[in-house]
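Trainee: Dropping the structure in here first, questions after.
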2 protein chains.
Amino acid sequence: MDEILELTAGVVRTSRTMNDGRTIRYYDTAGQARTAKDQRPEEDQPGIGELRLDPLVNEWVAMAAHRQGRIFLPPKELCPLCPTTGELLTEIPESDFEVVVFDNRSPSLRPPAGDFALPDLVGADTDEGVAAGKCEVICFTADHGGSFKVLSRQRVRTLLEAWRDRTAELSALPYIAHIAPFENRGEEIGVTLAHPHGQIYAYSYLPPRVAKMLEVARAHHQKTGHVLFDDVVARELRDQVRIIARNEHWIAYTPYASRYPFEIHVTPLVPVADLTELAPAACDSFPAIAIEVMQRLDGVFGIDMAYIAAWHQAPVREGRDLLRLHWQITSVRRAPGKLKYLAGSESAMGAFIMDMKPEQSAQQLKDVKI
Amino acid sequence: MDEILELTAGVVRTSRTMNDGRTIRYYDTAGQARTAKDQRPEEDQPGIGELRLDPLVNEWVAMAAHRQGRIFLPPKELCPLCPTTGELLTEIPESDFEVVVFDNRSPSLRPPAGDFALPDLVGADTDEGVAAGKCEVICFTADHGGSFKVLSRQRVRTLLEAWRDRTAELSALPYIAHIAPFENRGEEIGVTLAHPHGQIYAYSYLPPRVAKMLEVARAHHQKTGHVLFDDVVARELRDQVRIIARNEHWIAYTPYASRYPFEIHVTPLVPVADLTELAPAACDSFPAIAIEVMQRLDGVFGIDMAYIAAWHQAPVREGRDLLRLHWQITSVRRAPGKLKYLAGSESAMGAFIMDMKPEQSAQQLKDVKI
């Protein structure tokens with residue numbers, strides 16, 4: 001049965017069930033009725049994967065062995081993220097949409113069956129666990145050839161509302177420890193569907209980078225009484241030179257120790273733990289800076305840049321007062337014909353080498369006429 | 001002035017100085033005299049780069065801003081790693097070579113000038129340092145179209161001797177904390193020179209992954225009294241199923257918690273801290289298993305696999321009894337037309353998702369007829 005929910009900013013969410021039991025959620029601003037049926041045949045869902053502990057670094061690796069055969073760069077005529085039209089039966093039964101979120105058809109992480117406690121899934125004294133969690137796909141334009149930077153401000157505001165809604169709802173699930181909405185763009189970084197879209201990974205364990213950030217933030221707080229990220233932002237505001245955009249509620253900068261040719265952090269000036277805690281005024285002023293940043297990024301070389309744009313949030317159940325919301329955009333594009341790759345030093349040793357300083361990329365980003 | 005040194009296994013090293021002051025070292029087995037002069041014009045060396053601390057994870061990032069313009073996939077006629085012939089003046093003045101090591105022309109890390117102490121370079125209370133260290137290039141065949149897997153056993157033994165020599169000599173430099181010989185192969189992972197070659201990165205700081213491995217190994221030792229890596233190898237020997245090759249002195253396996261479609265660890269059965277500690281018998285039996293592993297890897301799909309093959313060694317100045325030598329080969333190739341990319345989950349969150357289990361890749365590697 002449909003469930004209709006009024007969110008803030010005039011956004012209405014309609015939740016429906018797909019033929020194979022997955023949920024699809026429409027986020028609309030114009031009072032649309034969402035009634036189109038999923039006409040595709042039912043499909044069996046593969047079982048849940050496993051977690052294995054990499055003992056050498058004490059980090060979980062998720063094994064999702066069924067994903068190997070998933071769809072790979074289909075042509076536009078077969079795009080599963082376009083609206084359903086005529087004979088093309090896609091993931092989205094409606095003939096148009098604004099923002100839509102649905103459960104991933106080939107999820108790396110799945111809801112666990114039956115009763116459980118989080119420690120049973122990823123106990124301290126075992127090197128195996130269940131790859132519990134939830135993976136969702138988020139489409140923010142029906143235009144197959146579109147991109148984030150050409151979205152209207154209203155659409156980005158709706159997208160933000162969808163991210164906020166998903167964060168709130170996923171946080172309430174007992175098996176979720178951390179929530180990361182992100183967008184991968186560009187075949188160069190392995191996107192398997194060209195239609196612009198994002199994903200939401202909700203983990204039942206702390207992702208290794210988040211665990212490290214929390215450990216470092218905790219040590220900093222014990223030593224100084226400060227929240228580390230607030231000190232980092234204060235330093236960027238003091239240094240000025242790496243700030244590429246700002247408005248009343250947000251700043252965007254290329255961090256002092258960037259790891260990628262173009263790395264941009266977009267941060268609210270009033271720090272919050274996660275998307276759900278953003279004040280209405282901060283929400284309303286996000287679209288302008290988000291679109292500006294994406295326009296600057298594509299403007300540097302006049303080409304569509306491959307990027308990963310990921311929301312870092314505080315974990316759901318710990319470190320709420322130690323980690324801060326920020327949006328991290330990283331691009332491996334270092335020149336029109338050249339990418340930065342993570343090879344021996346970065347991949348095997350974890351030691352990043354930058355070919356250019358963030359002050360230089362900041363200048364290139366600031367120089368873009370928009 | 002030339003310096004000639006007899007190493008073990010009948011290998012003789014001849015060290016010479018290039019026109020711009022860099023050193024080139026020939027490792028030979030047939031008594032060759034190395035007298036060819038570097039006929040190229042002199043070149044100014046750019047200055048040393050800087051280290052910046054990424055505060056969010058407390059990890060150093062090296063900034064080598066001068067590398068942006070380095071040579072990129074030159075055609076064979078301009079290959080700087082071929083021997084010098086006729087008008088092609090390359091990095092190697094001789095008209096042929098077995099194994100040769102020379103200082104990288106565009107090094108990410110450089111020897112620091114003047115007196116210094118290691119703590120001055122990367123102190124505990126600063127977020128900036130000097131990108132001190134040493135980067136070397138190692139060529140192991142004059143054949144532009146060759147590869148590791150077609151090397152003779154004797155050549156691999158000479159290569160091993162060169163790695164051992166470099167590790168010994170670099171360990172003696174007061175500003176070196178860690179030494180990582182590695183080979184990147186394949187344009188897919190960003191190799192900018194097609195001629196087969198490896199690199200040696202000698203860091204003045206512990207690379208983040210090594211620091212993490214040391215921290216985890218230390219905790220394991222305090223808790224169990226065991227060396228973590230020895231327990232890991234014991235588990236692989238017990239499980240059997242992921243072992244893909246072995247001989248009297250070495251085993252090769254796809255680790256229990258592999259992070260890549262094909263990940264292979266090659267490990268001596270008598271554990272040692274680094275290459276210099278390998279016993280003569282272990283050295284002599286390395287070529288057979290190394291060549292077999294590379295043949296199996298390329299045999300899975302019948303194509304040249306992109307890979308990173310990196311030696312993990314104990315750091316030079318700490319944790320000598322806690323970390324163990326092993327050779328880690330990782331390939332992002334998951335199918336003939338498909339690569340695994342590190343996108344949102346891996347790159348932004350550090351959470352690796354595997355599309356196949358290492359038991360499956362082990363079987364594919366074992367099934368290769370060699």
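Trainee: Can you tell me how many residues within region A:16-49 are surrounded by fewer than 17 Cβ atoms within 10 Å (Cβ to Cβ) and in a strand (DSSP E or B)?
Mentor: 2
Trainee: Further question on the same structure: Within region A:168-220, can you find the residues that are in a helix (DSSP H, G or I), over 15 Å from the mean Cα position of the chain (by Cα) and at the interface with chain B (Cβ under 9 Å from one of its Cβ atoms)?
Mentor: Passing the criteria: A:Glu188, A:Pro208, A:Ala211, A:Lys212, A:Met213, A:Glu215, A:Val216, A:Ala217, A:Ala219, A:His220.
Trainee: Look at region B:327-353 and say how many of its residues are facing chain A (nearest Cβ under 8 Å), aromatic (Phe, Trp, Tyr) and in contact (Cβ under 8 Å) with a residue 40 or more places away in the chain.
Mentor: Number of matching residues: 1.
Trainee: Tell me yes or no: at least one residue of region A:334-351 is buried (at least 19 other Cβ atoms within 10 Å of the Cβ) and more than 27 Å from B:Trp327 (Cα to Cα).
Mentor: yes
Trainee: Now a separate question. Of the residues that make up region A:230-240, is at least one touching a helix residue (DSSP H, G or I) at 6+ places or on another chain (Cβ under 7 Å) and not aliphatic (A, V, I, L, M)?
Mentor: Just the residues of region A:230-240 that are touching a helix residue (DSSP H, G or I) at 6+ places or on another chain (Cβ under 7 Å), to begin with: none.
No; the residues of region A:230-240 include none that is touching a helix residue (DSSP H, G or I) at 6+ places or on another chain (Cβ under 7 Å) and not aliphatic (A, V, I, L, M).
Trainee: So which of B:Glu183, B:Glu187, B:Glu161, B:Glu136 is surrounded by fewer than 20 Cβ atoms within 10 Å (Cβ to Cβ) and out of contact with any helix residue (DSSP H, G or I) (no Cβ under 6 Å at 6 or more places or on another chain)?
Mentor: Numbers: B:Glu183 fails: surrounded by fewer than 20 Cβ atoms within 10 Å (Cβ to Cβ); B:Glu161 fails: surrounded by fewer than 20 Cβ atoms within 10 Å (Cβ to Cβ); B:Glu136 fails: surrounded by fewer than 20 Cβ atoms within 10 Å (Cβ to Cβ).
The unique qualifying residue is B:Glu187.
Trainee: Of the numbered conditions (1) modelled with pLDDT under 95; (2) part of a loop (DSSP other than H, G, I, E, B), B:Leu56 satisfies every one except a single condition; which is it?
Mentor: Of (1) modelled with pLDDT under 95; (2) part of a loop (DSSP other than H, G, I, E, B), only one is false for B:Leu56: (1).
Trainee: If you go through region A:182-217, how many residues are more than 16 Å from A:Leu325 (Cα to Cα) and basic (Lys, Arg)?
Mentor: So the answer is 1.
Trainee: Then there's this: Quick check on region B:333-346. Is at least one of its residues of a type in the set (Ser, Thr, Tyr), over 15 Å from the mean Cα position of the chain (by Cα) and not assigned by TED's automatic domain parsing to the domain that holds B:Ile176? Full working, then the answer.
Mentor: Quick first cut of region B:333-346, residues of a type in the set (Ser, Thr, Tyr) only: B:341, B:345.
Narrowing further to those that are over 15 Å from the mean Cα position of the chain (by Cα): B:341, B:345.
Keeping just the survivors that are not assigned by TED's automatic domain parsing to the domain that holds B:Ile176 gives B:341, B:345.
Checked against the condition, which is being of a type in the set (Ser, Thr, Tyr), over 15 Å from the mean Cα position of the chain (by Cα) and not assigned by TED's automatic domain parsing to the domain that holds B:Ile176, region B:333-346 yields at least one hit.
Trainee: Would it be correct to say that A:His197 is touching a helix residue (DSSP H, G or I) at 6+ places or on another chain (Cβ under 7 Å) and touching a residue at least 12 places away in the same chain (Cβ under 8 Å)?
Mentor: Numbers: touching a helix residue (DSSP H, G or I) at 6+ places or on another chain (Cβ under 7 Å): no; touching a residue at least 12 places away in the same chain (Cβ under 8 Å): yes.
Spelling it out, it is not the case that A:His197 is touching a helix residue (DSSP H, G or I) at 6+ places or on another chain (Cβ under 7 Å) and touching a residue at least 12 places away in the same chain (Cβ under 8 Å).
Trainee: Scan region A:149-158 and give yes if some residue there is over 23 Å from A:Pro268 (Cα atoms), assigned to a loop (DSSP other than H, G, I, E, B) and more than 9 Å from chain B (Cβ to nearest Cβ), otherwise no. Walk me through it before giving the result.
Mentor: Let us first name the residues in region A:149-158 that are over 23 Å from A:Pro268 (Cα atoms), namely none.
Checked region A:149-158: no residue is over 23 Å from A:Pro268 (Cα atoms), assigned to a loop (DSSP other than H, G, I, E, B) and more than 9 Å from chain B (Cβ to nearest Cβ).
Trainee: Being assigned to a helix (DSSP H, G or I) and in contact with a helix residue (DSSP H, G or I) (Cβ under 7 Å, 6 or more places away or on another chain): is that true of B:Pro287 here?
Mentor: Numbers: assigned to a helix (DSSP H, G or I): yes; in contact with a helix residue (DSSP H, G or I) (Cβ under 7 Å, 6 or more places away or on another chain): yes.
When the stated conditions are applied, B:Pro287 passes them.
Trainee: Follow-up question, since we're still on this one. Select from region A:290-313 the residues that are outside any helix (DSSP H, G or I), β-branched (Val, Ile, Thr) and surrounded by fewer than 21 Cβ atoms within 10 Å (Cβ to Cβ) and list them in ascending order. Reasoning before the result, please.
Mentor: First pass over region A:290-313, keeping only residues outside any helix (DSSP H, G or I): A:300-313.
If we keep only those that are β-branched (Val, Ile, Thr) too, we end up with A:300, A:303, A:308.
Listed by number, the residues that qualify are A:Val300, A:Ile303.
Trainee: Return yes when B:Pro358 is buried (at least 21 other Cβ atoms within 10 Å of the Cβ), more than 7 Å from chain A (Cβ to nearest Cβ) and either in contact (Cβ under 8 Å) with a residue 24 or more places away in the chain or under 23 Å from the mean Cα position of the chain (by Cα) (or both) and no when it is not. Show your work before the answer.
Mentor: Values: buried (at least 21 other Cβ atoms within 10 Å of the Cβ): yes; more than 7 Å from chain A (Cβ to nearest Cβ): yes; either in contact (Cβ under 8 Å) with a residue 24 or more places away in the chain or under 23 Å from the mean Cα position of the chain (by Cα) (or both): yes.
Yes, satisfied.
Trainee: Any residue at all in region B:125-143 that's modelled with pLDDT of 95 or more, within 16 Å of B:Arg13 (Cβ to Cβ) and either part of a helix (DSSP H, G or I) or among the small types (Gly, Ala, Ser) (or both)?
Mentor: So far as region B:125-143 goes, no, none of its residues is modelled with pLDDT of 95 or more, within 16 Å of B:Arg13 (Cβ to Cβ) and either part of a helix (DSSP H, G or I) or among the small types (Gly, Ala, Ser) (or both).
Trainee: Here is a follow-up. Just to be sure I understand, how many residues within region B:221-230 are surrounded by 15 or more Cβ atoms within 10 Å (Cβ to Cβ) and within 11 Å of chain A (Cβ to nearest Cβ)?
Mentor: 2
Trainee: Going by what's in this entry, would B:Ile329 be described as touching a Phe, Trp or Tyr at 6+ places or on another chain (Cβ under 9 Å), more than 26 Å from A:Ala64 (Cα to Cα) and not hydroxyl-bearing (Ser, Thr, Tyr)?
Mentor: no
Trainee: Could you tell me whether region A:238-253 includes any residue that is buried (at least 21 other Cβ atoms within 10 Å of the Cβ), at the interface with chain B (Cβ under 10 Å from one of its Cβ atoms) and either in contact (Cβ under 8 Å) with a residue 24 or more places away in the chain or over 24 Å from A:Met356 (Cα atoms) (or both)?
Mentor: Checked region A:238-253: no residue is buried (at least 21 other Cβ atoms within 10 Å of the Cβ), at the interface with chain B (Cβ under 10 Å from one of its Cβ atoms) and either in contact (Cβ under 8 Å) with a residue 24 or more places away in the chain or over 24 Å from A:Met356 (Cα atoms) (or both).
The values are calculated or read from the model by the stated rules, or taken from the named source; none is laboratory data. In this text the structure is predicted, and so the values were computed from the model without any measurement. We place every Cβ from the backbone using ideal geometry, glycine too, and count neighbours over all the protein chains shown.
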